[in-house]
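Each value in this text was obtained by applying a stated rule to the coordinates, not by laboratory testing. All of these numbers come straight from a predicted model, not from anything done at the bench. Note: ideal-geometry Cβ built from the backbone for every residue, glycine included; neighbour counts use all protein chains shown.
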Amino acid sequence: MIKLIDQALLDELCAEAAASPRRRKNRNFHPYDDHPAHRLLNAMQPDSYIAPHRHLDPNKDETFVVLRGLLGLLLFDDAGGVVRAVTVGAGGAALGVDIPHGTWHTAVALEPDTVFLEAKSGPYLPFTAEEKAPWAPAENTPEAVPYVATLKIRLQP
């Protein structure tokens with residue numbers, strides 16, 4: 001059975017993200033975490049935070065296509081310096097982005113109810129210590145709030 005990605009689904013997912021303590025919500029299209037191809041919607045509110053990370057597995061390149069709102073994508077060097085900051089979405093520099101494995105990155109919602117389609121290979125595996133950015137604050141910590149504000153400044157024209 002096909003699954004339509006329509007405005008009703010996006011509205012439902014955004015409401016779930018707004019109600020979530022993490023201020024974001026995934027809707028997986030892949031049937032289970034061990035599936036070889038992960039396809040999902042990711043809804044984010046502007047106060048959500050995905051800690052910078054990288055995927056070291058050479059099969060874990062990651063693709064985002066923004067369906068609603070505006071996403072800020074930031075790429076980092078190994079010391080945590082921003083090497084690229086780009087807005088992704090209808091009002092941004094691009095509609096989507098393909099991120100090679102091994103690239104330090106994070107994404108922040110720049111508008112309420114931002115939704116992007118994400119695709120990468122499975123299976124789902126929690127981040128290893130080498131995939132977590134040691135220079136970035138963890139999610140849901142007091143230090144994350146000013147850090148995200150600093151990142152968003154880098155995305156301003």
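The requirement of being surrounded by 13 or more Cβ atoms within 10 Å (Cβ to Cβ), under 26 Å from residue 34 (Cβ atoms) and among the β-branched types (Val, Ile, Thr) is not satisfied by residue 128. Whether any residue in the stretch 107-120 is in a strand (DSSP E or B) and over 29 Å from residue 15 (Cβ atoms) is what I want to check. No, the stretch 107-120 contains no residue that is in a strand (DSSP E or B) and over 29 Å from residue 15 (Cβ atoms). Set side by side, the residues 95, 67 differ, and just one is closer than 21 Å to residue 26 by Cβ, surrounded by fewer than 17 Cβ atoms within 10 Å (Cβ to Cβ) and either touching a residue at least 24 places away in the same chain (Cβ under 8 Å) or under 15 Å from the mean Cα position of the chain (by Cα) (or both), which is 95. Residues that are over 12 Å from residue 107 (Cα atoms) and either of a type in the set (Ser, Thr, Tyr) or over 18 Å from the mean Cα position of the chain (by Cα) (or both) are absent from the stretch 39-55 altogether. When 84, 27 are checked against the criterion of being part of a strand (DSSP E or B), surrounded by fewer than 16 Cβ atoms within 10 Å (Cβ to Cβ), of a type outside the set (A, V, I, L, M) and without any contact (Cβ under 8 Å) to a residue 24 or more places away in the chain, 84 stands alone in meeting it. Are any of the residues in the stretch 10-28 over 17 Å from the mean Cα position of the chain (by Cα) and of a type in the set (Asp, Glu)? Yes - at least one qualifying residue is present in the stretch 10-28.
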